[in-house]
Each structure stands twice: as structure tokens, then as C-alpha cells.
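Below is one structure, written out as C-alpha cells; the observations come after it.
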Amino acid sequence: MKRKIIVGNWKMNPTTLEEASHIFKKVKNMAQKLNYTHVIICPPFPYISKFVSSKAKISVGIGAQDAFSEESGSFTGEVSPAMLRDLGVSHVIVGHSERRSAGESDEVVAKKVQSVLEAGIHPIVCVGEKERDSHGLYLDALKVQIKNSLAKVPKKLASQVIIAYEPVWAIDAKEPMEPSVIEEMTIFIRKVLADIFGQENALKTTVLYGGSINFRNAPDIITRGKVDGLLVGRESVNIPGFIELLKAVDVV
Ligand code: 13P
């Protein structure tokens, strides 16, 4: 059975360290029992140092939700990949649509991806169309977004990159994208990756789906959508739902 990657993007939740620790403990206990699933939790920055004990890292990887493109300097409010690596962070989400809609361009995303890789951390690069049109123009836009966002990635580092395909209209929605359409999109994304990295390297890039995942739809999306794993928002801070999701995904 293939090993799957489940990333929990907690976004700006929960509001207390006590609650965050409670959720994390439950996830860690469940993750220890999984055989075919690697769990990565991306909490808000203030909780990261509490979660990166060497023991926890055995079963749960810790990610950040963003990082700046420079290593250090006069950048008030920013956090660098080097600081995150020093704490033990293994993954960083870059270019989430909620940041892109606040003004983050493909060029900024590309610089962040580069500096995350230089720090020896896996970037989880979010891409996805805002809406769909009947002429397929969204495919061209998606291709440009992927190419621009990965513009500074050396071919030999393709295996370090994780792409999270998150159609913006399916985030925070009622339903995810249909699994058969996710499969089509996965094929399309792999073709774009082959253009960038070459066929062989492109096959080493992990591709996740994100957008309205819950414990009910997750197994079907993995098997029929043919993705390597999932980027989960709301359900990742809902303890019973996320525990069920991990159990269900581990056996597909
Ligand atoms: P939801 O799972 O809440 O739709 O969020 C998806 C997402 O944006 C994960 O990064």
C-alpha cells in the first residue's frame, strides 16, 4: 500500500494554547497507530515550538503556514525558513490562496519556495483556479501559476516539492471537487510538472488535493482522485472528524 500524506492546515485556529495542545495530543496518538499515512500538522506560529519535541516528530511532522523569502534582517513581523528549520519544522505551506488573495504574487511565492528549499524544508506550494469557465481558460491560468510559482526550483529538487492543488471555489465550501475531475486535474498538473522538471523528476513531486475534505469524502478522493494525499482545513481542527479521516485514509 502506498504511503499517503495528510497535511492539517489549522489556519488561524484555535485561539488558545491549551486547546491547540489538546488537539495535537489526540492527533499524535492516532498518528502513532497509522501504518501507511504520514501526518503533518501546520499550526499557527505561536504553537510551533510547543509541538516540535523530538518524540512528537516521530509520528507527526510539523509545518508552518508561511515563511518569508529572506534568511534574516530588517523585516518586521516576518519569520524566516532558517528560523523554522532551527525549531525542527519540516514543511512550509507557501502561496495559500488566502495569502494570494491578500496580495501575494506568483513572484513572491517563487522566492519563498526557493528560500524554503534552501533551508532544507519541503515547500507545500498551493495552486488552484479561482473559478472555472466553459472554454478551459482556467487551465492556462493554472499552468502559468504553477510555472511561475516553481520558477526558481532546480530540477534536481523536484522530489522535495509538494504541490497542493486547491481550487479556490472548493475551499471553505460545502462539497469538494468531484474525484473524477480531481483525477483529470492531477494528470494535467503532472504534465505541467513534466514540462518544468522533465518526465522523470516530475513523477517524484508529491501532489495533494485540498478543499472541503472531511472524513466521509477523504478515502474516495485519495483512491479515485489519484492524489498522493490531502491538505485539510476545517476538518483538521475537528478532533473526531480528523481522527476518523486518518483511520479511513490509512487503509485505502
Ligand atoms: P477547507 O478544508 O476548510 O475547505 O480548507 C482547505 C484549505 O484551504 C486547506 O489549506
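Values quoted throughout were computed directly from the atomic coordinates according to the rules given, and no laboratory measurement underlies them. Since we're looking at a predicted model, the values are computed, not measured. Cβ placement follows ideal geometry from the backbone for every residue including glycine, while neighbour counts extend to all protein chains displayed.
Below are the figures for this structure:
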item: Net +/- balance of residues flanking Arg100 in space, Cβ distance below 15 Å, scoring K and R +1, D and E -1; result: -4
item: The chain, helix-only ellipticity at 222 nm - DSSP H runs n ≥ 4, -39,500 (n - 2.57), divided by all residues, nearest 500; result: -12500 deg cm²/dmol
item: Ranked list, fewest to most other Cβ atoms within 10 Å of each Cβ, for Arg224, Arg85, Arg100; result: Arg224, Arg85, Arg100
item: Compactness of the chain - radius of gyration and Dmax, Cα, Å; result: 17.0, 51
item: Gaussian network model of the chain, Cα within-10 Å springs - most flexible of Gly73, Gly198, Gly103; result: Gly73
item: Signed unit charges on C-beta, dipole axis of region 34-95, positive-most listed residue Leu34, Pro81, Gly95; result: Leu34
item: Cα convex hull of region 36-115, projected area averaged across orientations, nm²; result: 6.0
item: Residues Leu139, Leu230, sorted so that the one with the fewest Cβ neighbours within 10 Å comes first; result: Leu139, Leu230
item: Gaussian network model of the chain, springs between alpha carbon atoms under 10 Å - residue of Thr16, Thr37, Thr223 with greatest fluctuation; result: Thr16
item: About the Cα centre, charge dipole magnitude for region 53-111 (Lys/Arg +1, Asp/Glu -1 at Cβ), debye; result: 380
item: Net charge dipole size for the chain [Lys, Arg +1 and Asp, Glu -1 on Cβ; Debye, nearest 20]; result: 900
item: Residue among Thr223, Ile171, Met1 farthest towards the positive dipole end of the chain, charges placed on Cβ; result: Met1
item: Relative contact order (%) - criterion: Cα under 8 Å, at least six apart; region: region 1-148; result: 18
item: Sorted by Cβ neighbour density within 10 Å, fewest at the top, the residues His91, His22, His38; result: His22, His38, His91
item: Volume per residue that the Cα convex hull of region 1-137 spans, once the total is divided by residue count, Å³; result: 147
item: All-pairs Cα distance distribution in region 176-232, expressed in whole percent, bin size 10 Å; result: 26, 50, 22, 3
item: Value of relative contact order over the chain, rounded to a whole percent, pairs C-alpha under 8 Å and six or more apart; result: 21
item: Filter on Lys25/Lys50; Lys50/Lys112; Lys130/Lys152; Lys155/Lys226; Lys111/Lys155; Lys26/Lys247 - keep pairs with C-alpha separation over 21 Å; result: Lys50/Lys112; Lys130/Lys152; Lys155/Lys226
item: Nearest-20 debye value, region 124-178 charge dipole, Cβ charges on Lys, Arg, Asp, Glu; result: 500
item: Listed residues Gly211, Gly229, Gly120, most fluctuating in the chain (Gaussian network, C-alpha, under 10 Å); result: Gly120
